[in-house]
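Engineer: Below: one structure in structure tokens.
Every read-out reported here was derived from the displayed coordinates using simple, explicitly stated rules and does not represent laboratory data. As the structure is a computational prediction, the values presented were derived from the model and not from experiment. All Cβ positions, glycine included, derive from the backbone under ideal geometry; neighbour counts span all protein chains shown.
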Amino acid sequence: MTEPMIEITGVSKAYDGRAVVSDLSLSVPKGAFCVLLGPSGCGKSTTLRMINRLVPFDAGTIRIDGEDVTQVAPQALRRQIGYAIQSTGLFPHWRVEDNIATVPRLLRWPAERVRDRVTELLTLLRLDPDTYRGKYPHQLSGGEQQRVGVARALAADPDLLLMDEPFGAVDPITRDALQAELLRIHRTTGKTIVFVTHDIEEALRLATVIAIMESGRLAQLGTPLDIIERPASNFVRGFVGVQGIELKLLAVRRVADRVRRGEIVAGEPIPADATLADALAAMIARRVDQLPVRGEDGQVGAIALADLLR
Amino acid sequence: MTRTLKTPALWVGLLFAILLLDMPALRPLFAVSFPAVTPEIFDRAGFGELFLSHLGLVAASSVAATFVGMALAIFVTRPAGRDFRTTANMLAIIDQVFPPAAVLALAVPALGFGPKPTIVALFLYGLLPILENAIAGIENVPTALREAGRGMGLSPYQLLRDVELPLAAPVILAGVRVSVTIGIGTATIGSTVGALTFGTPIFDGLAGNKLPYVLQGAVLVALFAIVTDLLFGLLARRLRPPGS
């Protein structure tokens, strides 16, 4: 976790003399889920697009895995990086299979390997390969299109994924499912993800680290908890200080993150992937201040009321 | 098969072919309607010959207009050519407002009589619809798709070939269709400068006060244009991108 995947140093970008990003420095560790968060026009999307050189920057350097991005041919660079955007950007005249295969085919993978990879990804995104590979995007629901969009971004197995408000255009229930899916993929693949959103709840749910941006500058960089408990400025406080946000944080954090491994407590255990809000509710209902926690392989430990406040 | 039988292209095409090959069969009809005109059927050139020449003129000018129009449209929708977009459109509009007859008159001194000035006039006249539609078609490709394509590492050429042109194809084809259909009608005036077209009987008939010749030329050119338009309709249906 110590070695940075992305290192942005002193990067600036202006359009027609108007600064969009000013002297931004930001380091994203390997395996992190970094959410760029901020109001519209804060430069978060521009920052994301500078990483894969869709937007040229005026000053500073951006390194990916130690390599200066300007030293790599833009198309070669982009083929190494997964990219997903809002409203999916799926090619309407290509079948799901062809859409997912875009980058592997650009990289001239053999047909057999491409087909296997499409099958693997559709399965990973919980879409039945036989049903879906031959469909056209317009035959899919919004949520299914987003899944295909994510599968396409993962196609060439990039170490780094850039996602620009990928779930901005889907309904809340579908978004919830997609977020869960993305978290699962992040956990299982260990990829580094940079994710742009203006939705604080989405950021809290997904991020291991949040970079809040204000007018092209980094307002604060920290874990979700840091940002809620120790906002660095009035801007950050105003942005994250939504009524009851602390409770929402409990609703997105998992018991597994706070469990005291090996401790044994009597009672009906709660699953490790329950949220902290579930745990709190169970404590209130049972009038206890600690609960046993069960992982996938039997009991793993306990969680106490005090752990919720950490 | 039943679907083929149902398309009007087949029936209108059949009518066109019969008239083209056997106009003399209508001799009694013209003899009764216009007893003063002999011979009843235009005979300075065969209708098949007129058709082939007419077709050749329209094909040559349309292929050239499509090629140039597409090339210009692609150029002005690239970052390097964006500044020329207004200029290209303006030029196309200017050559559209010159009546083809005037272009013919200007082209004859340079190119002589015959098919050449006609091809030039048809080319210039047919350029605008192709250029405008090609620009509109390419520009209407959603930004998100271009963005996604670039973001995944498609080269500008791959983006054009695999995304922009296939998605713009229906609109581009509609422009070619309009251009060709209008061109078929307009080509008749080529006969005033010595090109062989269905306009030849029309102008001969007008000059010699022989109405049957005008009718024969006019009906054939109209049917030619209609059949062509219907065929483009069939092509458009086939070309429609699968994802729509």
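Engineer: Per DSSP helix of 4 or more residues, -39500 (n - 2.57); summed, then divided by the residues of the protein assembly as shown. What does that give at 222 nm, rounded to the nearest 500?
Structural biologist: -16500 deg cm²/dmol
Engineer: Among B:P212, A:P172, A:H186, pick out the residue whose Cα is farthest towards the positive end of the charge dipole of the protein assembly as shown, where Lys and Arg carry +1 and Asp and Glu carry -1 on C-beta, about the Cα centre.
Structural biologist: Result: B:P212.
Engineer: Residues with amide H under 5 Å of A:S27's amide H, sequence separation 5 or more or different chain, H placed in the peptide plane at 1.01 Å from N; which?
Structural biologist: Residues meeting the amide H criterion: A:I8.
Engineer: If you don't mind, another one. Return the FRET efficiency for the residue pair A:Q75, B:T38: r is the Cβ-Cβ distance, R0 is 60 Å, and the value is rounded to the nearest 0.05. Display every interim value, and only then the final one.
Structural biologist: Working: r = 73 Å, r/R0 = 1.22.
E between A:Q75 and B:T38, to the nearest 0.05, is 0.25.
Engineer: Continuing with the same structure: Given H placed on each backbone N at 1.01 Å, which residues far from B:G114 in sequence or on other chains put an amide H within less than 5 Å of it?
Structural biologist: B:G194, B:A195
Engineer: Evaluate the distance, in nm, between pseudo-label points positioned 7 Å from the Cα of B:R161 and of A:T189 along their respective Cα→Cβ axes.
Structural biologist: 2.8
Engineer: Which whole-Hz ³J(HN,Hα) couplings does segment A:191-203 yield from phi under the Karplus relation 6.51 cos²θ - 1.76 cosθ + 1.60, θ = phi - 60°, glycine and proline marked x?
Structural biologist: The phi angles translate into 6, 8, 10, 10, 10, 9, 7, 10, 9, 4, 5, 4, 4 Hz.
Engineer: For segment A:96-210, what is the charge dipole size about the Cα centre, in debye to the nearest 20, if Lys and Arg each add +1 at the Cβ and Asp and Glu each add -1 at the Cβ?
Structural biologist: Working: 15 positive and 18 negative charges, 75 e Å.
Roughly 360 debye, rounded to the nearest 20.
Engineer: Next up: With 10 angstrom as the radius, rank A:R294, A:R147, A:R286 by how many other C-beta atoms surround their C-beta, starting from the fewest. Write out the running numbers ahead of the final one.
Structural biologist: Working: A:R294 18, A:R147 26, A:R286 12.
The fewest-first ordering by Cβ neighbours comes to A:R286, A:R294, A:R147.
Engineer: Another question, then. What's the longest bit of chain A with no exposed GluC sites (Glu not before Pro), using DSSP loop states and at most 16 other Cβ atoms within 10 Å as the test?
Structural biologist: Values: sites that count: A:E263, A:E296.
Within chain A, the longest run free of exposed GluC sites (Glu not before Pro) spans A:1-262.
Engineer: Also: At 7 Å along Cα-to-Cβ for each site, give me the label-to-label distance between A:V288 and A:A251 in nm.
Structural biologist: A separation of 2.6 nm, rounded to one decimal place.
Engineer: Computed FRET efficiency, Cβ-Cβ of B:A45 and B:F75, R0 51 Å: what is it to the nearest 0.05? The partial results should precede the final answer.
Structural biologist: On the way: r = 41 Å, r/R0 = 0.81.
Rounded to the nearest 0.05, the efficiency is 0.80.
Engineer: Could you work out how far the C-alpha centroid of segment B:205-244 sits from that of segment A:217-282, in angstrom?
Structural biologist: Here the two parts' Cα centres lie 73 Å apart.
Engineer: Follow-up. Identify which of B:T87, B:T200, B:T228 has the largest mean-square fluctuation in a Gaussian network model of chain B, with springs joining Cα atoms closer than 10 Å.
Structural biologist: Checking each option, the largest mean-square fluctuation is seen for B:T87.
Engineer: Using a simple spin-label model with points 7 Å from Cα along the Cα→Cβ vector, what separation in nm is obtained for B:A136 and B:V97?
Structural biologist: A separation of 2.0 nm, rounded to one decimal place.
Engineer: Now, a different point. What are the lysines whose alpha-carbon lies under 29 Å from the alpha-carbon of A:K191, with same-chain residues fewer than 8 places away excluded?
Structural biologist: Cross-link targets: A:K13, A:K30, A:K44, A:K135, A:K248.
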